[in-house]
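Take a look at the structure below.
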Amino acid sequence: MKLSQEFTELVKQKRSLLAFSGGIDSSALFFLLVDAGVNFDIAIVDYGIREQSVQEVAYAKELAKMYKLNCFEIEAPKFTNNFEANARAFRYAFFEELIAEHGYDILLTAHQLNDKLEWFLMRLTKGSGVCELIGLEAQVQKEGYIISRPLLEHTKSELLEYLEANDHRYFIDATNSDESYERNFFRKHYSDALLAEFQEGIKRSLSYIEEDCCKLQSGYRLLYADKELRVLKIDDARVRVSAVDKTLKKLGYLLSRAQRDDIEKNDSLVIGGSWAIETFDEKVFIAPYLDVTLPKEFKELCRGAKIPPKIRPYCFKQDIKIAEILNSF
């Protein structure tokens, strides 16, 4: 197993930071990067919820010393609820702080084909459209850096085989068997079995869907949809108003010419007293406008996840999982 030439060309002259945990995926990516001669450092977050997390941090430091890399570590606060969303918001804030401080160009994450299929199946069961079914892209341009996911063509079993064949150490996260997490439920009952039997067909199908999405949404992409919430990624600022117009039409609301002009001029507004539209970080958030008093904890969760203020009441009222929105970015 080795990383693709396209990926190695991308990172060859750039500084990369690997999001490391010590698990199968990130450990495999670590050693594949070493094999490919990629210049990178690692960052690890200790959430303090498992006894072995201390060993995982120690392992990260050991690898960094062995291969002469920088290892950045941080201990997360104890999250009492909404763990997945809070943990994700915390670690990405940590990564972005390191990227800004040390001048990294690329954030490497070890998402693999199983992760991609799990997202597909979760969205499929919620009644999603074609472009909502793909949640993980190989390259995503963020403000000031790129998120790169070089393992999306490989399954977890392939990564495990690579580690075992080369006698590389890794850890198993015991919480991965906890079916109270939706992703774990889909993994245990559906995605792992499907990939074991139909890996090549699934890989091709997901690739075809991605190609279709590109054709369907030139200039913008639908990142997330749940009930009447929509999050759009605007790749071409000139199509922002058109993207909002088309999205609202599908939701049953027709914009007037004056309203289109208002959207052109404003990044945050309420249309017709009924729809909140907010533009932030090259994304457009659209949701029914509600006047709801929010708990402080939920507001803090949304702030950390960069969910705009006018969108938060609808998410709260409809019990939309902030972690799911974050996973689509």
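If both residues of a DSSP beta bridge must be in the chain, then about 60% of such bridges are antiparallel. Near residue 72, the amide H atoms lying under 5 Å from its own belong to 42, 43, 44; only residues 5 or more places off or on other chains count, and H is placed 1.01 Å from N.
The amide H of residue 223, built 1.01 Å from its N in the peptide plane, has 231, 232, 233 as neighbours under 5 Å, considering only residues 5 or more places off or on other chains.
Taking 27 Å as the limit for the C-alpha separation, the pairs 12/156; 203/317; 126/246 exceed it in the case of 203/317.
Cα axis of helix 24-36 to longest principal axis of the chain: angle in degrees, 0 to 90, nearest 10? For 24-36 against the chain, the angle is about 70 degrees.
Let me make sure I get this right: for region 218-327, a, b and c are the square roots of the gyration tensor eigenvalues over alpha carbons, sorted descending. Under 1.5 in a/c it's rounded, otherwise prolate if a/b > b/c, else oblate. Which is it?
Details: a/c = 1.81, a/b = 1.43, b/c = 1.26.
Prolate, since a/c reaches 1.5 and a/b exceeds b/c.
Packing, taken as the mean count of other beta carbons within 10 Å per residue, orders the peptides 247-260, 20-33, 112-125 from highest to lowest as 20-33, 112-125, 247-260.
Tell me, 104, 67 in order of fewest to most beta-carbon neighbours within 10 Å?
Working: 104 23, 67 15.
Ordered from fewest to most neighbouring Cβ atoms within 10 Å, 104, 67 come out as 67, 104.
Would you mind classifying region 15-155 by shape? Square roots of the alpha carbon gyration tensor eigenvalues, ordered a ≥ b ≥ c; an a/c under 1.5 is rounded, otherwise it is prolate if a/b is larger than b/c and oblate if not.
Details: a/c = 1.62, a/b = 1.31, b/c = 1.23.
Cα axes put region 15-155 in the prolate bin.
Hey, what did region 5-214 get for relative contact order, percent, Cα under 8 Å, at least 6 apart? Walk me through the numbers before you get to the answer.
Working: 266 pairs, mean separation 47.6, N = 210.
In percent, rounded to a whole number, it is 23.
Tilt of helix 240-250 relative to the longest C-alpha principal axis of the chain, in degrees (0 to 90, nearest 10)? Helix 240-250 and the main axis of the chain meet at about 80 degrees. Angle, helix 156-165 long axis vs. longest principal axis of the chain, Cα atoms, 0 to 90°, nearest 10? Once rounded, the angle reads 20 degrees. Using the Karplus relation 6.51 cos²θ - 1.76 cosθ + 1.60 with θ = phi - 60°, the per-residue 3J(HN,Hα) values for region 48-63 come to x, 9, 10, 4, 6, 4, 5, 5, 5, 5, 4, 5, 4, 5, 4, 5 Hz, with x marking Gly and Pro.
How do 111, 102 rank when sorted from fewest to most other Cβ atoms within 10 Å of their own Cβ?
Numbers: 111 22, 102 12.
Fewest to most other Cβ atoms nearby, the residues stand as 102, 111.
Approximating the spin labels as points 7 Å out from Cα along Cα→Cβ, the residue 177-to-residue 297 distance works out to 2.9 nm. Taking other Cβ atoms within 10 Å as a rough exposure proxy, 241, 231 sort from fewest to most as 241, 231.
Only the coordinates and a few stated rules stand behind these numbers; no lab work does. In this text the structure is predicted, and so the values were computed from the model without any measurement. No Cβ is skipped: glycine too gets one built from the backbone with ideal geometry, and neighbour counts run over all protein chains shown.
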